[in-house]
Amino acid sequence: MSAAACRAWITVMRLFLAVVLLMTMALFSAARGEERIALVVANPASEGSPAIANADLSAELVAATLRSLGFTVRQVSDGDRADVARAMHDFAQSLAKPDSVGIFYYVGHTAQANGRNYLLTRGTRIDSKETVDQTALPLDLFMQALEATPTLKVVLLDNPGDGHNPTSGVMQGLAAVDPLTHAIVALSAKPGTVALGEARPVTVFADALTAALVKRGADIAIILASVRQTTIDKTSGAQWPWMAYGRSADAAFVLTPDQVAGAAPALPLVPEPAPPAMASGGYISGSGGWEPDGSDYADGSGQEPYPMDVAPGSGSPDAAMGDSAKEAALYEEYKRQEQQRQLQEEQARQRYEEEKQRLEDAAVAAAQNNLGGTYPQDGGATGAEPPPDKAGIPPEDGMTSAPPPATGAESPPEAQAPPKPAPPPIDQAQSPPSGGALPQPETGAVEVVRHPTIDAPDEIVAGETVTVSIALTEEQFTPEVKVKAAPGSSVTEDGALAMAMPAGTEQWPIDIDLFASGFDLADGGKWSRRTTLYRQGDSDFVRFDVKARPIAKDSKPAQFIARTYSAERFLGSASRSVIIRRTAPVEAAALSATAERSAAPAMLMLAAAAPQPAVTGNVTLGGAAGDDVPDLDVTILYDDPSGLGSGQIIIHSPHLAGPVTDTFSTPPEMAAWLDSEYRRLLQLGLSLRGAVSLQQPAASSDTGAQKRFVTLAAEGFGDALYRDYVPKPFKDVFWSLRGKGELHSIQITSNSPTLPWELIRPRSADGAVADGFLGMGYRLARWAPRSSASQVDNPLDRMTFTGVAAVAPSYLDKRSLRFQQDEIAALSKLYGYRRFDGDFTSFEKLVGEVSTGFIHFSGHGEVNQPSSGRPVFAIDLVDQSLDPDTWAALVAAAHGKGNPFYFFNACDTGRSQMLGGFVQGWGPAVLAGGASGFIGGMWPLTDRAAAAFSTDFYGGISTRIKDGPVYLAEILQDVRREFYRTGDPTYLAYTFYGNANLRIVGQ
């Protein structure tokens, strides 16, 4: 018998009972008042497992039966993880009403791995425990999602299989499932086993289930007990179903009452037609029968025979008594019901054909337009139930969607959802033109607006493992998330991220980096994972399992920060605040499960995409990108920035196949060692002729030898920095890109500015190849994670040279700066030069008036001990010492309307430290005020060299800008090289916060 004929015969087997039930269901639903919702999923195929031949037909039978009981049914057949996860999520959300009842039936492969249960969908891989976790659906997340509402949910898991376990650590079947509070769980086989994979038209469990569901007056507990016993009997004890009830589950729920209150007397139940017993072959059940070949009925006519217990002369009890009047009445009632059934079937079939044609037309149109979405809309996965056409359903028809075709008709092919186009390779992804903002949609880009969703519990107990799910969604699932846009993107009024994406495709691969200080990654993956953003619909979700580290205090605030990249271009970031508690409060223990459940529906959507493994070990090089994307984009976040120690590193590059992620640790004693080395370099510079401060004469007459000694000391310092303190992933990627000639720009973003990246001197692993200082050999810049609303989330890549506004306080006596006037004289020759007095009132005026171009400070800076009673960091005006906190208040009150670039040519202004957990160094503070960049010294600067440095810096911009845009970092490279000519370490002291590819353009 063909599959189409089998499907049609199942419809007939159940149809008579469905007609009677449908006639009373409206009254029954009105009497009970609950909303009945069901999700039926069939996944017959999974990679590495034999196909389940009867999965689709089993699902059809269960779905048809549930519809006859008044359930609104959604079906998904042979869906991938995205299809099934979306359907699960929608199903869980649809049960939000307190009077709803839900039934979930799954028939397909299952597995146990990593201490979890998984449903294996199309595309699932089972070659290792890791791939199962990355590609399969975790059942526990679905169970948590169902617990979001205190209504009855019945989860029915039918898992046929062969019991073969070819992969170590991966086992077919399911472990015992915790039904939580309001759910009932039924497995078709005992935990740790699988159901029989027999060659039956439907599974034994599905056949027993559908027969039991329609029993009048039976509550759900009786129904499931009947299913269990029937399955055991039909398999001669080879298959034992397993059931578990939540402590608050309504086991007394009745699907079909004995007598409906207020309903008309029930019509006499007419037994289902069944072909006569066959001499051999076929499958016989209490619900009907199957013929191996020939026509659908035993007489070969293709016509439905009279029921033997009502047709004249059929041998019914009443006929034997000669009660011909009663027999005739029964027969007339049967004919009436049969005519009504045929009419309803014809109407349903017509609606089915219309809907099928509509879907086919839509698929053709979509294919012509090269369209594709995250999920097939309205259940559009293969085999998904189309939305019901309510206008075409007669009032007496309780069906919510079209059933399978009628008896004897071939089942039309199911409408297929248009396939998603394959994502383009990263190295082929279009990049917008250089120069800052991405083009508008009408000039080669499309605007995609999505809400960054970070789904996680609000409170986490130390030692607890939680799941953090991240995606870009059309709906705002997590309004508590704070969104920050990168240049070229923007944040809408309702908190969504508007991104300009390259045109010409319907989807884009994106990388999501998660930074979670105070947490360890518990799932064995990496901190950066790849997913897909679609032009329409939600992006695929990525999931991170993280474990909170122990804390000393009762509670500690923490953040989950997600940074999003496309083709290595930074799009924006989002953050969600959470609380880590040392122990769970006693009074909150009962609420913790509720809090976890409330987050579960959004969490379930994590399964929309499998996390892609990050690049580690051998680095694969790809195509180059435009100059606006750094060749090496490094993000480093420490768990405790003030104490260094453990941290995360994530590296992006347009020349890599994907991001590189790892954890590392920096010895806390590095900070003290750096202080000592800075003092040593300062003293060496002061003792060198040509590097004379106002009060410090040269101490050596042999300047040549002194220069060589200073040079070797500085290079040894740089060698030690690279050898002892640079994370290994950086070293690996650095030499990979350098060896291919693909490394020109390096961007470092870190919440600890302690490590002086400019002074690092890389050396190959075998020691044979040494490189110069990073600050001389490459366009190098640092950046600080955004800490205020005014700060730009990503450094600007283009700046117009509108002039220099200078502040040069005139100090008295020993504090006067001998070469300050030379510096100011050189600056005064620049275009757009303005000078402001060095008192606080004048400085306040400058900050309020100048919002573009360069703001230059030439004067003293200071660093003091926290207990000295003076600011830890300050720049000295004539009448005040200005510290970073006062600076922040000044800038916030003054303008906040522009992004000037600050150059503080004063001692110690670039030497940032962490005190009390807050960044108090000048660089990060200036960025937090909205600056486009900052330059300052990492240790005390000598007067003459400081003046020469700034003069050469601005002079280089002024000269080279005449020929077109100039990279600011390249100007710094040239000026730093003066160290080798003069031997003065002051030329090495400057650090640059900004964009490594920042270009200065003329007006």
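For region 180-222, a residue qualifies if it is of a type in the set (A, V, I, L, M), surrounded by fewer than 24 Cβ atoms within 10 Å (Cβ to Cβ) and either without any contact (Cβ under 8 Å) to a residue 60 or more places away in the chain or not assigned by TED's automatic domain parsing to the domain that holds Asp162 (or both), and the qualifying residues are Leu196, Ala212, Ala218, Ala221, Ile222. If the condition is being farther than 19 Å from Pro985 by Cα and either in the same structural domain as Gly936 (by TED's automatic domain parsing) or part of a loop (DSSP other than H, G, I, E, B) (or both), then region 763-778 contributes Ser764, Ala765, Asp766, Gly767, Ala768, Val769.
If you go through region 451-501 and keep only what is outside any loop (DSSP other than H, G, I, E, B) and in contact with a His (Cβ under 6 Å, 6 or more places away or on another chain), you end up with just Thr473. Within region 508-528, residues that are surrounded by fewer than 22 Cβ atoms within 10 Å (Cβ to Cβ) reach partners that are among the basic types (Lys, Arg) and part of a loop (DSSP other than H, G, I, E, B) with beta carbons closer than 9 Å, at six or more positions or on different chains, in the pairs Gly518/Arg549; Asp520/Arg549. Within region 129-151, being more than 23 Å from the chain's Cα centre (by Cα) and either buried (at least 22 other Cβ atoms within 10 Å of the Cβ) or among the hydroxyl-bearing types (Ser, Thr, Tyr) (or both) holds for Thr149, Thr151. In region 53-95, how many residues are over 19 Å from the mean Cα position of the chain (by Cα), within 25 Å of Gly123 (Cα to Cα) and of a type in the set (Lys, Arg)? Total meeting the criteria: 1. Inside region 956-997, residues that are over 27 Å from Leu684 (Cβ atoms), of a type outside the set (A, V, I, L, M, F, W, C) and more than 38 Å from the chain's Cα centre (by Cα) make up a count of 6. Kindly indicate whether Asp984 is at pLDDT below 90 and farther than 19 Å from Ala906 by Cα. Taking the combined requirement at face value, the residue does not satisfy it. Can you tell me which residues in region 48-81 are in a loop (DSSP other than H, G, I, E, B) and either aromatic (Phe, Trp, Tyr) or more than 23 Å from Ala218 (Cβ to Cβ) (or both)? Within region 48-81, Gly48, Pro50, Ala51, Ile52, Ala53, Asn54, Phe71, Asp78, Gly79 qualify. Per the listing Arg576, Arg569, Arg549, the residue uniquely out of contact with any helix residue (DSSP H, G or I) (no Cβ under 9 Å at 6 or more places or on another chain), at pLDDT 90 or above, of a type in the set (Lys, Arg) and over 21 Å from Val132 (Cβ atoms) is Arg576. The single condition among (1) of a type outside the set (Gly, Ala, Ser); (2) modelled with pLDDT under 85; (3) over 28 Å from Val449 (Cα atoms) that Pro557 does not satisfy is (2).
Which one is nearest to the chain's Cα centre (by Cα) among residues in region 681-713 that are aliphatic (A, V, I, L, M), at pLDDT below 70 and buried (at least 20 other Cβ atoms within 10 Å of the Cβ)?
Residues of region 681-713 aliphatic (A, V, I, L, M): 681-682, 684, 686, 688, 691-692, 694, 698-699, 705, 710, 712-713.
Of the ones still in play, those that are also at pLDDT below 70 are 688, 691-692, 694, 698-699.
If we keep only those that are buried (at least 20 other Cβ atoms within 10 Å of the Cβ) too, we end up with 688, 691-692.
Numbers: Leu688: 56, Ala691: 54, Val692: 56 Å.
The residue in question is Ala691.
Under 8 Å by Cβ, and 6 or more places apart or on different chains, what pairs join a residue from region 551-574 that is in the same structural domain as Asn997 (by TED's automatic domain parsing) and crowded, with 24+ Cβ neighbours inside 10 Å with one that is not aromatic (Phe, Trp, Tyr) and not in a loop (DSSP other than H, G, I, E, B)? Here the result reads none, with nothing in region 551-574 linked to a residue that is not aromatic (Phe, Trp, Tyr) and not in a loop (DSSP other than H, G, I, E, B). With a requirement of 3 or more residues that are under 30 Å from Ala713 (Cα atoms) and in contact with a Phe, Trp or Tyr (Cβ under 8 Å, 6 or more places away or on another chain), the helices (runs of 4 or more DSSP H) lying completely within region 915-1003 that satisfy it span 922-928, 943-960, 968-976.
The rows are residues; the columns are (1) surrounded by 24 or more Cβ atoms within 10 Å (Cβ to Cβ); (2) free of Cβ contacts under 8 Å to residues at least 12 places away in the same chain; (3) at negative phi.
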site	(1), (2), (3)
Ser46	yes, no, yes
Ala51	no, yes, yes
Ala82	yes, no, yes
Asp90	no, no, yes
Ser94	no, no, yes
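Within region 959-1003, if we keep just the residues that are closer than 25 Å to Trp783 by Cα and small (Gly, Ala, Ser), the residue that is surrounded by the most Cβ atoms within 10 Å (Cβ to Cβ) turns out to be Ala989. Contact map, region 491-503: first residue not assigned by TED's automatic domain parsing to the domain that holds Ala574, second residue of a type in the set (Ser, Thr, Tyr), Cβ cut-off under 7 Å, separation 6 or more or different chains; the map is empty.
Against the list (1) under 29 Å from Val254 (Cβ atoms); (2) in contact with a strand residue (DSSP E or B) (Cβ under 8 Å, 6 or more places away or on another chain), the condition Gln172 fails is (1).
Select from region 223-257 the residues that are in a loop (DSSP other than H, G, I, E, B) and among the small types (Gly, Ala, Ser) and write down the one among them that is surrounded by the most Cβ atoms within 10 Å (Cβ to Cβ).
Step by step, filter region 223-257, then rank; the result is Ala249.
The set of residues in region 140-163 that are under 21 Å from Glu47 (Cβ atoms) and free of Cβ contacts under 8 Å to residues at least 40 places away in the same chain contains only Gly163.
The values are calculated or read from the model by the stated rules, or taken from the named source; none is laboratory data. Treat the numbers as computed from the prediction; the structure is a model and nothing was measured. Note: ideal-geometry Cβ built from the backbone for every residue, glycine included; neighbour counts use all protein chains shown.
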